[in-house]
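One structure is given below, encoded as structure tokens.
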Amino acid sequence: MKRKLMAMFLVATMTIPMGTVVVQAEDNEEKTTVTIWTKSRADADYALPKIEEYNQNNTDGVIVDYQIYSDNYEQAIDMAAQSDSLPDICMVGDKATYAKMKGNGQWLNLYDYMDDEMKETFSKGIVDGVNKEDNNVYYIIAEGTACRLFYNKEIFERVGISAPPETMEEMVSDAKKITDELSGEGIYGFAQNMKSPGSALGRSLDPGMSRDIGLMKGFNFATGTYEFEKLADTAKYWKELLSEEIAFPGCESLDIDPLRSQFAAGKIGMYFSYTSAEPGVYKNQFPMDSDKWDCAPIPTADGSVDGKQAFGEAIAYTINAKSEHADKAFAVLKNLILSDDYLVGHYEEGYGISIIPSVIEKANPSEDFVNKKYLLMTDEDAFIPADPQTANAQAVVIEGDDYYSAFASIIYGDADIDKTLADCSARYNAAYQKGIEDGIGTDMTIENYDPLNP
């Protein structure tokens, strides 16, 4: 019988997909089905044909069942873990979810499977304190991503803005200028996908504070404390940016793809997002002339830079240690997802930013990556260790709202900025210390830590 393409879209609900299916090869020998779950939908047009080709031609004895979750990926992963029904390969999404399951022995140590050549090839994607602990490597970073300020060059030119803002005060002024002059045409200065404060602020506030004040999600590695009160000035600017006088209407209920569609339509001047996703989005999902947009570093409160900006992982997959097909899953990881063929094309098509030297050497990237400096990793970016809650969510259990929700209450409500941020610090520090006292967490102070040289 003909080989089947087992790749498919799955619009995620709280229903966990059924188990694997064995597919017969043409010679009637059974092939092993390896299931992959991912939340990366922006590159589906690239990934699905590659998986079909692999399914038809691989000598690993494998059929790949590739499932794309559009929403609720972390909940699906968490529920699958509880019912012992995780797929063979999982995309690394929320780092707290990943870390919790790592602590439960859920992920395979890939170093046991990697030969010396592979370890050398992906050495830049194996980072102590990020995805390597002692001699254990639970996932490999093949592509990275940075959060940047994306802006419409055409809109800037129309209102006389000569360069992207470097300070939050300049950003507020520029955004207001755009809205004041062009809102009659349905064009506004700023938008953010505030339907989910965690998604919105995770791609803006978090990397911004690591660059601005050297904190990783509010945590200061030098002092071993959470210090959210240092975000007071930033909070004031955010409140202005998302006010009715400036922001694209309805930001409080706006998701990222509707935001991107409005940006592509020329209705939004600026927003924050990921460099690994936007080039592919504006090439394929919401086509937009490359000359009309660019990106820049996230503005800081006063223009000073006191830390490296946290650089994130884009393509990063881990293997279920309880998989019945761990060896086959590793073959898929090595020969499909981490192959030069897959990664070179993925980078060239604008779906991600390679950090692997052999891939960069072979690739002929798109004009976006050639012409837009800040799409790439710069010397202003670095992989930074996880904050205590991300590293072990069970050890930092917060009472009350998380800081994303607290920050949103400042933006959209009457919450006192200083009191709200001080309360966040107090609650996070209390939870962090309790985790240490209970023996669940550890003191994550780093002696002589320098956020400019993490």
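Structure values in brief
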{"quantity": "Count of residues meeting criterion [open to solvent by 20 Å² or more (accessible area, probe 1.4 Å) and aromatic (Phe, Trp, Tyr)] in segment 252-282", "calculated": "1"}
{"quantity": "Which numbered condition Val359 fails, given (1) out of contact with any Asp or Glu (no Cβ under 7 Å at 6 or more places or on another chain); (2) surrounded by 17 or more Cβ atoms within 10 Å (Cβ to Cβ); (3) part of a helix (DSSP H, G or I)", "calculated": "(1)"}
{"quantity": "Matching residues in segment 162-178 - criterion: being of a type in the set (Val, Ile, Thr) and surrounded by fewer than 21 Cβ atoms within 10 Å (Cβ to Cβ)", "calculated": "Thr167"}
{"quantity": "Matching entry among Lys100, Lys95, Lys132, Lys124 (being touching a Ser or Thr at 6+ places or on another chain (Cβ under 9 Å) and basic (Lys, Arg))", "calculated": "Lys95"}
{"quantity": "Verdict on Gln394 being within 18 Å of the chain's Cα centre (by Cα), over 25 Å from Val281 (Cα atoms) and open to solvent by 40 Å² or more (accessible area, probe 1.4 Å)", "calculated": "no"}
{"quantity": "Every residue from segment 132-152 that is at pLDDT 95 or above and not charged (D, E, K, R)", "calculated": "Cys147, Leu149, Phe150, Tyr151, Asn152"}
{"quantity": "Residue count, segment 283-293 (criterion: open to solvent by 10 Å² or more (accessible area, probe 1.4 Å) and either closer than 11 Å to Tyr188 by Cβ or touching a residue at least 40 places away in the same chain (Cβ under 8 Å) (or both))", "calculated": "6"}
{"quantity": "Criterion violated by Arg148 - all others in (1) basic (Lys, Arg); (2) within 30 Å of Gly413 (Cβ to Cβ); (3) assigned to a helix (DSSP H, G or I) satisfied", "calculated": "(3)"}
{"quantity": "Those residues of segment 1-59 which are in a strand (DSSP E or B), at pLDDT 50 or above and open to solvent by 40 Å² or more (accessible area, probe 1.4 Å), in sequence order", "calculated": "Glu30"}
{"quantity": "Subset tally (residues that are closer than 16 Å to Gly266 by Cα, open to solvent by less than 10 Å² (accessible area, probe 1.4 Å) and small (Gly, Ala, Ser)) for segment 179-208", "calculated": "2"}
{"quantity": "Options Tyr351, Tyr317; residue that is under 22 Å from Gly105 (Cβ atoms) and open to solvent by less than 50 Å² (accessible area, probe 1.4 Å)", "calculated": "Tyr317"}
{"quantity": "Candidate set: segment 138-161, residues that are more than 17 Å from the chain's Cα centre (by Cα) and closer than 25 Å to Asp379 by Cβ; chosen: the one least open to solvent (accessible area, probe 1.4 Å)", "calculated": "Tyr151"}
{"quantity": "Identity of the residue in segment 219-238, closer than 15 Å to Thr167 by Cα and of a type outside the set (A, V, I, L, M), that ends up surrounded by the most Cβ atoms within 10 Å (Cβ to Cβ)", "calculated": "Trp238"}
{"quantity": "In segment 107-131, residue modelled with the highest pLDDT [restricted to those that are β-branched (Val, Ile, Thr) and part of a loop (DSSP other than H, G, I, E, B)]", "calculated": "Ile126"}
{"quantity": "Failed criterion for Lys119 (all others in (1) open to solvent by less than 60 Å² (accessible area, probe 1.4 Å); (2) more than 22 Å from the chain's Cα centre (by Cα); (3) touching a residue at least 12 places away in the same chain (Cβ under 8 Å) hold)", "calculated": "(3)"}
{"quantity": "Segment 329-352, residues that are β-branched (Val, Ile, Thr), closer than 16 Å to Thr121 by Cα and touching a residue at least 60 places away in the same chain (Cβ under 8 Å)", "calculated": "Ile337"}
{"quantity": "Number of the condition not met by Lys373 [criteria: (1) in contact with a helix residue (DSSP H, G or I) (Cβ under 9 Å, 6 or more places away or on another chain); (2) more than 30 Å from Met101 (Cα to Cα); (3) modelled with pLDDT of 90 or more]", "calculated": "(1)"}
{"quantity": "Single unsatisfied condition, Met216 versus (1) surrounded by fewer than 19 Cβ atoms within 10 Å (Cβ to Cβ); (2) under 30 Å from Ala42 (Cβ atoms)", "calculated": "(1)"}
{"quantity": "Unmet requirement for Thr378, which otherwise passes all of (1) farther than 17 Å from Asp88 by Cβ; (2) assigned to a helix (DSSP H, G or I); (3) not small (Gly, Ala, Ser)", "calculated": "(2)"}
{"quantity": "Condition broken by Ala382, with the remaining ones in (1) buried (at least 21 other Cβ atoms within 10 Å of the Cβ); (2) at pLDDT below 95; (3) more than 30 Å from Glu53 (Cβ to Cβ); (4) touching a Pro at 6+ places or on another chain (Cβ under 6 Å) satisfied", "calculated": "(1)"}
{"quantity": "Subset of segment 122-137 that is in contact with a Phe, Trp or Tyr (Cβ under 7 Å, 6 or more places away or on another chain) and polar (S, T, N, Q) - its residue that is surrounded by the most Cβ atoms within 10 Å (Cβ to Cβ)", "calculated": "Asn131"}
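The values are calculated or read from the model by the stated rules, or taken from the named source; none is laboratory data. A quick note: this is a predicted structure, and the numbers were derived from the prediction, not measured. Neighbour counts run over all protein chains shown; Cβ positions are idealised from the backbone, glycine included. Remember, those area values only see protein heavy atoms, side chains included, never the ligands or the DNA or RNA. Shrake-Rupley method; radii C 1.70, N 1.55, O 1.52, S 1.80 Å.
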